[in-house]
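Just below is one structure, and these are the notes that go with it.
The values are calculated or read from the model by the stated rules, or taken from the named source; none is laboratory data. Keep in mind that what you see is a predicted model, and the values were worked out from it rather than measured. Cβ placement follows ideal geometry from the backbone for every residue including glycine, while neighbour counts extend to all protein chains displayed. What goes into the accessible areas is simple: the full protein's heavy atoms, side chains included, and nothing from ligands, DNA or RNA. Shrake-Rupley method; radii C 1.70, N 1.55, O 1.52, S 1.80 Å.
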Amino acid sequence: MGYFLKQEVTNIGTTPINVRCPECGQNGSFHGIHNVADVTWRVPFKDEKGNPALRLGRGGIRMCPNLECRALVFYAQEGSQPITTYPPEVLDFDATNLPPNIHQSLEEAVKAEAAECHRAAALMVRRVLEELCADQKAEGKDLMTRIAALHAVAVVPPALLEAANELRILGNDAAHVEAKAYDDIGKNEAVLAIELAKELLKAVYQYSDLLKRLQNLRNQAGG
Ligand SMILES: [Zn+2]
């Protein structure tokens, strides 16, 4: 999507916007920068009756409120459309205790999704799941069977595994996933695949860590 500046207006103020920071991943209310005004523009469109009309667009620079981050983002909004930012907002994920290769693949999946590259995101999610199964030595004839084998090392709700079958990127697994399985993957499926991967990673790497820390607490209290 491109933005074309039609008309510049200075001193229109800089109202804060709520953004998940593309840099540090925290949610924050991003404020403008001193002396840097927003700009506005008008975008031609057809109203319900097909008559030409103009919609107001506005955009500018905002700064992350996290004092250790202070990243700058550009934002733009046309009419009542959702705000878009550059760099784009990313889905949140918790990297606690993830092996480095899995962390890296998940990060790439999330960044691809933020850039609206849904098929690339889906491919990286598949890679995350393959790395997860390899790390946990979960074996089976195809990826879905290997994921199901994770129940030996983690508490994975059976209903979640059953629903995971609906994701096309997990099925159809011979030596390679057939390319056509990726053709229709859109935002919805890519986001769901990322959410599923996050839940499985949580079950394998993060619940077990919390459990260990809680047990340590009990041991300390007992000792
Ligand atoms: Zn930040």
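Here are a few things to note about the model shown:
- Given (1) within 25 Å of ILE194 (Cα to Cα); (2) outside any helix (DSSP H, G or I); (3) open to solvent by less than 60 Å² (accessible area, probe 1.4 Å); (4) within 16 Å of the ligand (Cβ to nearest atom), number of the condition CYS69 does not satisfy: (1)
- Test: residue in region 92-115 that is part of a loop (DSSP other than H, G, I, E, B), open to solvent by 40 Å² or more (accessible area, probe 1.4 Å) and touching a strand residue (DSSP E or B) at 6+ places or on another chain (Cβ under 7 Å): yes
- Selection of region 90-117 for residues being closer than 18 Å to LEU200 by Cβ and out of contact with any helix residue (DSSP H, G or I) (no Cβ under 7 Å at 6 or more places or on another chain) yields ASP92, PRO100, HIS103, GLN104, GLU107.
- Sole residue being open to solvent by less than 60 Å² (accessible area, probe 1.4 Å) and within 16 Å of the ligand (Cβ to nearest atom), chosen from THR85, THR40: THR85
- Qualifying positions in region 142-158 - open to solvent by less than 70 Å² (accessible area, probe 1.4 Å), part of a helix (DSSP H, G or I) and of a type in the set (A, V, I, L, M): LEU143, MET144, ILE147, ALA148, ALA149, LEU150
- Some residue of region 160-174 being assigned to a loop (DSSP other than H, G, I, E, B) and at pLDDT 80 or above: no
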